[in-house]
Amino acid sequence: MRKQVAIIGAGPAGLLLGHLLKAEGVDCVVLERQSGPYVLSRIRAGVLEQVTVGLMERLGLDARMKAEGLPHDGFNLADGERLIHIDIAELTGKQVMVYGQTELTRDLMEASEPRGVEVIYEAADVALHDIVSDAPYVTYTRDGSTHRIDARFIVGCDGFHGPSRQAIPASAGRSFERVYPFGWLGILADVPPCNHELIYANHERGFALASMRSNTRSRYYIDVPLTEKIEDWSDDRIWDELAIRLGPDAAAHIVRGPSLEKSIAPLRSFVFEPMRHGSLLLCGDAAHIVPPTGAKGLNLAASDVHYAAEALLGFFKSNDNDAIAGYSEKALARVWKSERFSWSLTRLMHRFPEDGPFERRMQVAELDYIASSEAAQRSIAENYVGLPV
Ligand code: FAD
Ligand code: DHB
């Protein structure tokens with residue numbers, strides 16, 4: 001098979017890119033290791049920035065998101081008894097959209113066939129070849145036979161553990177990494193949210209986040225040591241802990257219910273530079289990871305896709321080689337700013353095991369400053385809604 005672009009990974013980054021390229025007449029294929037239902041069973045991000053919403057609008061795939069998503073004008077930072085409201089609409093003139101990654105992926109997936117976006121699920125042993133040449137190719141096996149796709153470009157949208165980044169020789173790139181000493185235990189339940197806006201809480205027992213997927217489906221998180229096992233966390237134990245950490249006002253409104261899903265995700269900051277090597281471009285988690293505080297992971301994948309589509313369309317439509325050459329630098333400039341925001345909000349809202357009384361006073365002083373300064377709130381708000389692309 002010969003294509004202009006071979007995309008590896010059918011998460012949000014790969015599907016968004018496939019749709020954007022196809023809409024402009026670029027011939028591409030998306031290769032995914034898992035089955036479609038498996039991809040949809042992964043419960044991940046829940047808050048979309050304008051850049052992500054804008055890409056769905058551009059594709060004309062925003063109808064369900066506009067009907068079912070919840071536009072939010074603000075969110076809250078909780079510190080013991082205190083709730084600091086960050087009025088993002090007032091401070092930035094923008095909103096964020098609460099709409100699950102699962103739903104966004106479903107919208108893209110369901111539109112693939114009608115729009116001729118070719119996605120090959122259950123493609124095993126995906127491998128990249130000749131990526132420094134102008135004629136790279138991808139091989140994979142499916143139904144017992146080996147297949148080959150020749151392309152002008154390969155785009156790695158295959159997440160943190162995928163083969164794309166690993167195809168780049170270590171001498172051609174550099175990784176930056178910080179692993180955090182805790183994970184987020186998440187619970188999804190069909191109960192109304194305890195608050196109409198998100199609450200990120202720093203309590204002496206640890207972090208908690210009250211989020212939602214709709215007015216009838218809630219998503220909550222607490223941070224736990226990496227040694228914890230999900231089997232040791234009954235639903236009741238999670239609800240009890242949330243009620244303590246989120247504070248009495250939120251606790252009074254928590255409605256408990258059986259978990260639809262619960263899991264523990266580790267927290268990591270990671271950046272691989274550069275995001276292009278020869279004819280291979282990396283997008284999303286394949287190139288970088290942020291800790292989830294700040295809801296940046298999915299949105300960063302979307303902004304990478306925005307830049308990658310721009311570069312590839314420049315190449316195929318206008319013979320613009322510079323667009324490809326500039327991709328990594330453009331994408332990384334935004335990546336590092338999101339990395340900084342996610343890292344600093346993680347630092348502010350979690351109790352680190354190595355922290356002493358000094359570090360705690362620094363957190364309290366920063367929260368005091370945020371509570372009393374519109375400038376500080378504006379800085380948080382403009383990062384939360386997403387920096388411009
Ligand atoms: P992915 O969604 O990871 O998609 C990559 C795709 O590539 C997958 O479908 C995978 O199956 C496929 N793939 C992998 N290897 C291969 C291969 N060998 N061959 C073919 N295909 C392959 N972000 C938030 O903002 N908030 C959250 O609460 C949050 N929770 C998260 C929880 C977990 C457990 C994880 C892992 C991430 C979470 N994130 C969260 C981050 C966010 O979900 C990601 O940033 C986002 O999914 C990135 O999209 P992506 O398309 O780059 O990668
Ligand atoms: C959700 C996840 C996040 O990481 C975040 O910062 C906000 C919301 C969520 O899953 O709803």
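Of the strands (runs of 3 or more DSSP E) lying entirely inside segment 184-229, those containing at least 1 residues that are without any contact (Cβ under 8 Å) to a residue 40 or more places away in the chain and closer than 13 Å to ILE264 by Cα span 218-225.
Quick check on segment 120-152: of everything there that is of a type in the set (Ser, Thr, Tyr) and surrounded by fewer than 18 Cβ atoms within 10 Å (Cβ to Cβ), which residue is farthest from the chain's Cα centre (by Cα)? Outline the logic, then answer.
If we filter segment 120-152 for residues that are of a type in the set (Ser, Thr, Tyr), which is where we start, we get 121, 133, 137, 139-141, 145-146.
Subset that is surrounded by fewer than 18 Cβ atoms within 10 Å (Cβ to Cβ): 121, 133, 139, 141, 145-146.
On the way: TYR121: 21, SER133: 31, THR139: 27, THR141: 29, SER145: 34, THR146: 32 Å.
In this case the residue turns out to be SER145.
Out of curiosity, is TYR369 modelled with pLDDT of 95 or more, in the same structural domain as GLY46 (by the TED database) and either surrounded by fewer than 20 Cβ atoms within 10 Å (Cβ to Cβ) or aromatic (Phe, Trp, Tyr) (or both)? No; evaluated as a whole, the condition is false for this residue. Residues that are within 25 Å of GLY18 (Cβ to Cβ), of a type in the set (Lys, Arg) and not in a loop (DSSP other than H, G, I, E, B) within segment 152-183 comprise just one, ARG165.
It is to be established whether one or more residues within segment 51-69 are within 13 Å of ligand 2 (Cβ to nearest atom) and either without any contact (Cβ under 8 Å) to a residue 40 or more places away in the chain or assigned by the TED database to the domain that holds GLU261 (or both). Checked against the condition, which is being within 13 Å of ligand 2 (Cβ to nearest atom) and either without any contact (Cβ under 8 Å) to a residue 40 or more places away in the chain or assigned by the TED database to the domain that holds GLU261 (or both), segment 51-69 yields at least one hit. Within the set of pairs 6 or more residues apart or between chains, which connect a residue that is in the same structural domain as GLU49 (by the TED database) and at negative phi inside segment 295-320 to a residue that is acidic (Asp, Glu) and within 16 Å of ligand 1 (Cβ to nearest atom) with Cβ atoms less than 8 Å apart? Here the result reads GLY297/ASP285; ASN299/GLU49; ALA301/ASP285; ALA302/GLU49, each pair linking segment 295-320 to a residue that is acidic (Asp, Glu) and within 16 Å of ligand 1 (Cβ to nearest atom). Among the residues making up segment 241-252, a single one is more than 16 Å from ligand 2 (Cβ to nearest atom), part of a loop (DSSP other than H, G, I, E, B) and surrounded by 15 or more Cβ atoms within 10 Å (Cβ to Cβ): GLY247. Does VAL305 meet the test of being in contact with a Cys (Cβ under 8 Å, 6 or more places away or on another chain), part of a helix (DSSP H, G or I) and β-branched (Val, Ile, Thr)? Yes, satisfied. Looking at segment 67-74, can you tell me whether even one residue there is near ligand 1 (Cβ under 10 Å from one of its atoms) and among the hydrophobic types (A, V, I, L, M, F, W, C)? No, that holds for no residue. On inspection, ALA135 does not qualify as within 14 Å of ligand 1 (Cβ to nearest atom), modelled with pLDDT of 95 or more and not aromatic (Phe, Trp, Tyr).
Taken over segment 104-119, the residue count meeting the criterion of being out of contact with any Lys or Arg (no Cβ under 7 Å at 6 or more places or on another chain) and either in contact (Cβ under 8 Å) with a residue 24 or more places away in the chain or surrounded by 15 or more Cβ atoms within 10 Å (Cβ to Cβ) (or both) is 9. Here segment 122-151 is the region considered, the condition is being assigned to a loop (DSSP other than H, G, I, E, B), of a type outside the set (Asp, Glu) and in contact with a strand residue (DSSP E or B) (Cβ under 9 Å, 6 or more places away or on another chain), and the residue that is nearest to ligand 2 (Cβ to nearest atom) is ALA123.
A quick yes/no check of all residues on (1) among the β-branched types (Val, Ile, Thr); (2) touching a Lys or Arg at 6+ places or on another chain (Cβ under 7 Å):
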position	(1), (2)
CYS194	no, no
ALA208	no, yes
SER211	no, yes
ASP232	no, no
ASP236	no, no
VAL255	yes, no
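The values are calculated or read from the model by the stated rules, or taken from the named source; none is laboratory data. If you're wondering where the values come from, they're calculated on a predicted model, not measured in any experiment. With ideal geometry, Cβ positions are generated from the backbone for all residues, glycine too; neighbour counts draw on all protein chains shown.
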